[in-house]
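Here the structure comes first, spelled out in structure tokens, and everything after it is commentary.
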Amino acid sequence: MHKNFITTENWSKSELEDLLTVAGDLKNNPFHQNLKNKSFALLFLNPSMRTRTSFEIGIQQLGGTAVILQPGKDAWGIEFNNNVVMDGDTEEHIKEVAAVLSTYVDAIAVRAFPKFISWEDDKQDKVIQAFKKYANVPIINMETIVHPCQELALMMTVKKHLGEVKNKKFLMTWTYHPKPLNTAVANSGISISSKFGMDVTLLCPNKNYILDEKYIELARKNCQAQGATFSISHDIEQAYADADFVYAKSWGALPFYGNPEEEWKQRRKFQHFMIDEHKMAMTNNAKFSHCLPLRRNIKATDAVMDADYCVAIEEAENRLHVQKAMMLALFGEKL
Ligand code: CP
């Protein structure tokens, strides 16, 4: 049994498939009492609509209680560095926060986006790792440098529409956004699709937009183990050709991390990566999805978002079901 859900890397394909099966049962039959008398602290260091709502409602539907905390807003700001003189904005240290919350709740879920100053620093995922170190209850990742809950929702959606996913073409495409965003969903997109044996293509404008080597290597190894292919393309037509599932996300170029002005000089040239009907017409009648939120007519056109092949709302709904399945698994609960 797993203690935490911080990444799907240490969960086998078969364990993840079991979660998706339970999620399917929960979709048909949502209300149970398996988490009765269990309480959860949901810590949001960044905004959320889907994650916050689906966790809070999902916990209620299983008989548990959720407390939302926003450190720095309605809860004290937390210091994550050790051996520092805390004469800045933070009021308490992670050691006390994690220890105290562990006496009140049965699990702590954390959303902590990168700080976008140094990727070398952000890639260590220090906030959630500190909770893992100092808390003695399960830790759940609600998006840091990966978004494992979104991975499960994505794969539940992909399987529903493609059936057997092995060797189906999964296109993870960069799309335009005016700001350099987190790579988490893209890291997660190539991780989960490769783990399930899809033929994965990562499409991005140029080498500056290739994801961190760790996730590229993980996807390559997953594909190799599953008898699938992994490729990186900067050619829109080649990448969209015959795709069975198109998954879009915008992210910042890692070589320009912490330097949004310079990154913008690159990014503004790639507005044509926006997903439109012309690109979708090149695919094998692919479904399209995005984790949301999505700026219409910036990341994808109205026509794509309103098309029958857009399954983004279904993926968002599936967040509710997969998270409930994952929480049941962390507590060894079966339906
Ligand atoms: N996809 C997702 O995590 O949405 P929120 O940022 O609204 O939680």
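The values are calculated or read from the model by the stated rules, or taken from the named source; none is laboratory data. As the structure is a computational prediction, the values presented were derived from the model and not from experiment. Here the Cβ positions follow ideal geometry from the backbone for every residue, glycine too, while neighbour counts run over all protein chains shown. These accessible areas exclude ligands, DNA and RNA; they are computed on the full protein's heavy atoms, side chains included. Shrake-Rupley method; radii C 1.70, N 1.55, O 1.52, S 1.80 Å.
Choose one answer from Gln323, Gln124, Gln150: the residue with the largest mean-square fluctuation in a GNM of the chain with alpha-carbon springs under 10 Å.
Comparing Gln323, Gln124, Gln150 in the GNM, the peak value goes to Gln124.
Taking the Cβ of Asn222 as the centre, find all other residues whose Cβ is under 10 Å away and add up their charges (Lys, Arg: +1; Asp, Glu: -1). Walk me through the intermediate numbers first.
Numbers: positive: Lys13, Lys195, Arg220, Lys221; negative: Glu9, Glu217.
Every neighbour counted, the sum reads +2.
Given an 8 Å cut-off on Cα distances and at least 6 residues of separation, report the relative contact order of region 215-325 as a percent. Don't skip to the answer; put the middle values down first.
On the way: 97 pairs, mean separation 28.9, N = 111.
About 26 percent, as a whole number.
For Leu42, enumerate residues with amide H under 5 Å from its amide H, sequence gap 5+ or separate chain, H modeled in the peptide plane.
For Leu42, whose amide H was placed from the backbone, the distant partners under 5 Å are Val67, Ile68, Leu69, Ala109.
What shape does the chain have by the C-alpha gyration tensor, where a ≥ b ≥ c are the square roots of the eigenvalues, rounded means a/c under 1.5, and otherwise prolate means a/b greater than b/c and oblate the rest? Write out the running numbers ahead of the final one.
Values: a/c = 1.84, a/b = 1.27, b/c = 1.45.
Oblate, since a/c reaches 1.5 and b/c is not below a/b.
Under the classification rounded if a/c is under 1.5, otherwise prolate if a/b is larger than b/c and oblate if not, where does region 246-335 fall, given a ≥ b ≥ c as square roots of the Cα gyration tensor eigenvalues?
Numbers: a/c = 3.11, a/b = 1.42, b/c = 2.19.
Oblate, since a/c reaches 1.5 and b/c is not below a/b.
About its Cα centre, what dipole magnitude does the chain give when the only charges are +1 on Lys and Arg Cβ and -1 on Asp and Glu Cβ, stated in debye to the nearest 20? Walk me through the intermediate numbers first.
Numbers: 39 positive and 41 negative charges, 66 e Å.
Approximately 320 debye in magnitude.
Once you've got the GNM for the chain with C-alpha springs shorter than 10 Å, pick whichever of Ala253, Ala135, Ala186 has the biggest mean-square fluctuation.
In this elastic network of the chain, the residue with the biggest mean-square fluctuation among Ala253, Ala135, Ala186 is Ala135.
Mean separation of Cα pairs under 8 Å and 6+ residues apart, divided by the residue count of region 28-117: what relative contact order is that in percent? Walk me through the numbers on the way to the answer.
Details: 121 pairs, mean separation 33.4, N = 90.
Computed value for region 28-117: 37 percent relative contact order.
To two decimal places, what compactness ratio does region 150-315 give when its Cα radius of gyration is scaled by 2.2 N^0.38 Å? Intermediate values should be presented prior to the final figure.
Values: Rg = 14.6 Å, N = 166, 2.2 N^0.38 = 15.3 Å.
That works out to 0.95 for region 150-315.
What number comes out for the charge environment of Ala153, summing +1 per Lys or Arg and -1 per Asp or Glu over other residues with Cβ under 13 Å away? Could the numbers behind the result be given before it?
On the way: positive: Lys27, Arg50, Lys159, Lys160, Arg319, Lys324; negative: Glu143, Glu151, Glu314, Glu315, Glu317.
My count for the surroundings of Ala153 gives +1.
Of Tyr215, Tyr104, which has the most accessible area with a 1.4 Å probe, and how do the rest follow in descending order?
Values: Tyr215 10, Tyr104 155 Å².
Accessible-area ranking of Tyr215, Tyr104, largest first: Tyr104, Tyr215.
Taking the alpha-carbon centroid of each part, what is the distance from region 1-55 to region 70-120 in angstrom?
Answer, in whole Å: 22.
Within 14 Å, Cβ to Cβ, of Asn318, how many net charges do the neighbouring residues add up to if Lys/Arg are +1 and Asp/Glu are -1? If you can, show how the numbers build up before the last one.
Values: positive: Lys27, Arg50, Lys159, Lys160, Lys287, Arg319, Lys324; negative: Asp25, Glu151, Glu314, Glu315, Glu317.
After counting each charged neighbour, the total is +2.
Got a number for carbon plus sulfur as a percent of the chain's accessible area, 1.4 Å probe? Walk me through the numbers on the way to the answer.
Working: 7240 of 14670 Å².
That share works out to 49 percent.
For the chain, set up a Gaussian network in which alpha carbons nearer than 10 Å are linked by springs, and say which option among Pro205, Pro255, Pro148 fluctuates the most.
Of Pro205, Pro255, Pro148, the Gaussian network model singles out Pro255 as fluctuating most.
What whole-number distance in Å separates the alpha-carbon centres of region 187-257 and region 127-186?
About 13 Å separates the Cα centre of region 187-257 from the one of region 127-186.
Within the set Lys73/Lys95; Lys168/Lys221; Lys38/Lys249; Lys214/Lys334; Lys3/Lys36; Lys159/Lys195, which residue pairs have Cα atoms separated by over 23 Å? Let's see the in-between values first.
Values: Lys73/Lys95 19 Å; Lys168/Lys221 17 Å; Lys38/Lys249 35 Å; Lys214/Lys334 34 Å; Lys3/Lys36 19 Å; Lys159/Lys195 13 Å.
Check vs 23 Å cut-off fails for Lys38/Lys249; Lys214/Lys334.
Give the relative contact order (percent, whole number) for the chain; include only Cα pairs under 8 Å separated by 6+ residues. Show your work: numbers first, answer last.
Working: 646 pairs, mean separation 70.4, N = 335.
The normalised contact order for the chain reaches 21 percent.
Taking all protein chains together and a probe of 1.4 Å, list Met86, Met282, Met155 from the most accessible to the least accessible.
Details: Met86 70, Met282 50, Met155 0 Å².
Largest accessible area first, the residues go Met86, Met282, Met155.
Take each of the peptides 24-35, 230-241, average the number of other beta-carbon atoms within 10 Å over its residues, and list them starting from the highest.
Averaged packing, sorted descending, gives the order 230-241, 24-35.
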